[in-house]
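Q: Here it is, the structure, as structure tokens.
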Amino acid sequence: MAALTKTPTTAPDASRAPTGARSASRPPFWTNRRRDVLAGYLFIAPQLVGVVLFVLIPVGLAIWYSLSDWNVFTGKQTFVGTDNYAALANDPQLPSVLWATAVFCVGVVILNIGLGLLLAVLLNRRFRGATFFRTLFFSPVVVSVVAWTLVWGFLLQDNGGVNGVLDAIGITGPNWLQRGDTAMVSVIITQVIRSVGVNMVLFLAALQGVPSNLYEAARIDGAGSRVIFTRITLPLISPTVLLTSIITIVGALQSFAQIAVLTSGGPELSTTVLVYYVFQQAFEFNDIGYGSTLALMLLSFVMLLTLLQWQLRRKWVFHEQ
Amino acid sequence: MSSKSKSVLRRVLLVTALGVLAIPFVVPTIWMVAASVKPLPEIFKSPPSLWTSDPTLSAYSEAFSFQPFARQYVNSVYIAVLVTLITLLVSSLAGYAFARIRFPGANALFLVVLVGLLVPSEVTIVPLFQMFKRAGMINTHWPLILVTALAGPCVLATFIMRQFFIALPAELEEAGRLDGLGRPALWWRIFLPLAKPALSAVAILTFLTSWNLYLEPTVYLTSPELFTLPQALTRFTDAYGGDMWNTQLAAATMTVLPVLIVFVVAQRHFVEGLAHSGLK
């Protein structure tokens, strides 16, 4: 997205018909310029139709739905104004849902960025096996979320593999998925291990972009490796770290399959994050009005974060130029 | 200690640390494969092991007899392939036009398309369900194909293609024009062949997105013979609601291994392709 602010390097207007060339006979209607404009519209048409039909209209409908109440049995829709928005304030479950969402997102982002950085720094050295390890750490990214989560569901059973390993070193592990706090830890960790590979790769690219003469200069000045990391590496890759953090939070806000498969939002509401709550309200309790209101709340979180990300990116790209 | 043996020691430490860190990344997959060939009672035996003296493939055959698993496999494959092909076509056309053709409103329309990147599919699923219900498309594959191929990952693909085409030199069009090529021919004969890296990134991303879709099939599909793989994986419970562990793991193995093998073979393309998804 860095190049968003760049202007095209092309000047494909060489095709424009020369204006002085109007002869006595009528010029053909299909000039190259007109053909170009037509081609442009035709080329983007399928994508544009897709976005209008499957994104813009649904968002509009969601707003309309959020202003109405749906009878579960008859499916009849009645306009209720802002009742659903008032219901947000009176929903006794919403505070704990928002709390779970916040804990999940913050937990995922901290672990994901921390571990991603650690792996990138370790793999940024030249040694035999670096590519091998990069492949290993990246591999869960290509494993289907549902399969990955199912397997972790087995391993996290009371008598599963995780507690078996803990037993072997003399620790009695908890029944991970049956207690609120450990269930939250479980969904965070399975999510981080599955997705940290992407951040690792982004950080590796950023690390390789740090000019090596800076390192040499620091070494000549007698700086140790810790000083070099905190004074040179970190400041230079901090834009990437910040942008990646936002991308990771946005991704965490949309983690549905992990939670549905591992805990179904339980025990009680401990792992019911907003996206899962939307699904429950709309498709399990068939409360389409309230479900849409919650979905719009999710959308506003995602939009705020994405706009922040674009703004920051633009600032940095501009800065670099 | 000499500096040489010191650096050897450091390397050993580094590899050991990475090896320990890699355990939770690799062992679950290995355990999945190992447990899928174990007899049922052995799966939760303590201490846990990755080995069985009595391997059996019965869970694999059971996976096919308990659910229409072969059918579900075909569903996932054909939907992912179709979605990927449509996305390649739609996104390379739109990406080319946004990058190389000047037409009135191009910037505004590009912003409209970018909105598609901003809105998560979890937000639009409620109204989309109502729209498809009205169109009589619930419990068909149409919603999965149409929405995935024209919105969602396709918008990201359009963006990736535009960024790729925008960086190519202007002389390409001029040379093509001299040869009398129109826009469709320029796109097909000159730009697409140059765009292989971007196209393969898009293909990998889109295929994986479609292959892993879970919320959408859960919402749209109700008949088991229409299910896709992720959805089918969660339905391996016997009549009493008890999990059929080894059958489930066998099915999961069959879902995961082909993709994993392709990944290991072409890992460079995957890593680069998915790093592009970080754009999102």
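Q: Taking segment B:225-243 on its own, how many of its residues are at pLDDT below 90 and farther than 24 Å from B:Glu122 by Cβ?
A: Total meeting the criteria: 8.
Q: Quick check, is B:Gly136 more than 9 Å from chain A (Cβ to nearest Cβ) and exposed (fewer than 15 other Cβ atoms within 10 Å of the Cβ)?
A: Criteria met by B:Gly136.
Q: If a residue has to be free of Cβ contacts under 8 Å to residues at least 12 places away in the same chain and either within 13 Å of chain A (Cβ to nearest Cβ) or β-branched (Val, Ile, Thr) (or both) to count, how many in segment B:182-203 make the cut?
A: Qualifying residue count, segment B:182-203: 4.
Q: Do we find that B:Leu146 is under 16 Å from A:Ile57 (Cα atoms), in contact with a Phe, Trp or Tyr (Cβ under 9 Å, 6 or more places away or on another chain) and either outside any loop (DSSP other than H, G, I, E, B) or at the interface with chain A (Cβ under 9 Å from one of its Cβ atoms) (or both) in this structure?
A: It is true that B:Leu146 is under 16 Å from A:Ile57 (Cα atoms), in contact with a Phe, Trp or Tyr (Cβ under 9 Å, 6 or more places away or on another chain) and either outside any loop (DSSP other than H, G, I, E, B) or at the interface with chain A (Cβ under 9 Å from one of its Cβ atoms) (or both).
Q: Conditions first: (1) surrounded by fewer than 22 Cβ atoms within 10 Å (Cβ to Cβ); (2) farther than 14 Å from A:Ala102 by Cα; (3) within 11 Å of chain B (Cβ to nearest Cβ). A:Ile246 passes all but one, so which condition is the exception?
A: Checking A:Ile246 against (1) surrounded by fewer than 22 Cβ atoms within 10 Å (Cβ to Cβ); (2) farther than 14 Å from A:Ala102 by Cα; (3) within 11 Å of chain B (Cβ to nearest Cβ), the one that fails is (2).
Q: Out of (1) in contact with a helix residue (DSSP H, G or I) (Cβ under 7 Å, 6 or more places away or on another chain); (2) surrounded by fewer than 16 Cβ atoms within 10 Å (Cβ to Cβ); (3) more than 28 Å from B:Thr253 (Cβ to Cβ); (4) within 12 Å of another protein chain (Cβ to nearest Cβ), the odd one out for A:Ile169 is which?
A: Only one criterion is unmet by A:Ile169, namely (1).
Q: Tally up the residues in segment B:110-133 that are facing another protein chain (nearest Cβ under 7 Å), under 18 Å from A:Gln254 (Cβ atoms) and of a type in the set (A, V, I, L, M), please.
A: Of the residues in that region, 6 qualify.
Q: If you don't mind, another one. Quick check on segment B:96-109: of everything there that is surrounded by fewer than 20 Cβ atoms within 10 Å (Cβ to Cβ) and in a helix (DSSP H, G or I), which residue is nearest to the other protein chains (Cβ to nearest Cβ)?
A: B:Ala106
Q: Does A:Thr271 qualify as being in contact (Cβ under 8 Å) with a residue 24 or more places away in the chain, on the phi < 0 side of the Ramachandran plot, of a type outside the set (A, V, I, L, M) and in a helix (DSSP H, G or I)?
A: Against the criterion (in contact (Cβ under 8 Å) with a residue 24 or more places away in the chain, on the phi < 0 side of the Ramachandran plot, of a type outside the set (A, V, I, L, M) and in a helix (DSSP H, G or I)), A:Thr271 does not qualify.
Q: Now for a separate question. Please list, ordered by first then second residue, the pairs with beta carbon atoms under 6 Å, 6 or more apart or interchain, first in segment B:164-175 and outside any helix (DSSP H, G or I), second at pLDDT below 90.
A: B:Ala170/A:Thr10; B:Ala170/A:Ala11
Q: Let me ask something else about it. Of the numbered conditions (1) farther than 19 Å from B:Val83 by Cα; (2) touching a residue at least 40 places away in the same chain (Cβ under 8 Å); (3) not polar (S, T, N, Q), B:His141 satisfies every one except a single condition; which is it?
A: The one condition B:His141 does not meet is (1).
Q: What are the pairs, 6+ residues apart or on separate chains, where a residue within segment B:68-82 that is free of Cβ contacts under 8 Å to residues at least 60 places away in the same chain has its Cβ under 7 Å from a residue that is crowded, with 16+ Cβ neighbours inside 10 Å?
A: B:Ala70/B:Phe64
Q: Moving on to the next point. Select from segment B:34-72 the residues that are in a helix (DSSP H, G or I) and closer than 24 Å to A:Val162 by Cα and write down the one among them that is nearest to the other protein chains (Cβ to nearest Cβ).
A: B:Ala35
The values are calculated or read from the model by the stated rules, or taken from the named source; none is laboratory data. Only a predicted model underlies this, so the values are computations on that prediction, with no experimental measurement involved. Ideal geometry is used to build each Cβ from the backbone, glycine not excepted, and the neighbour counts take in all protein chains shown.
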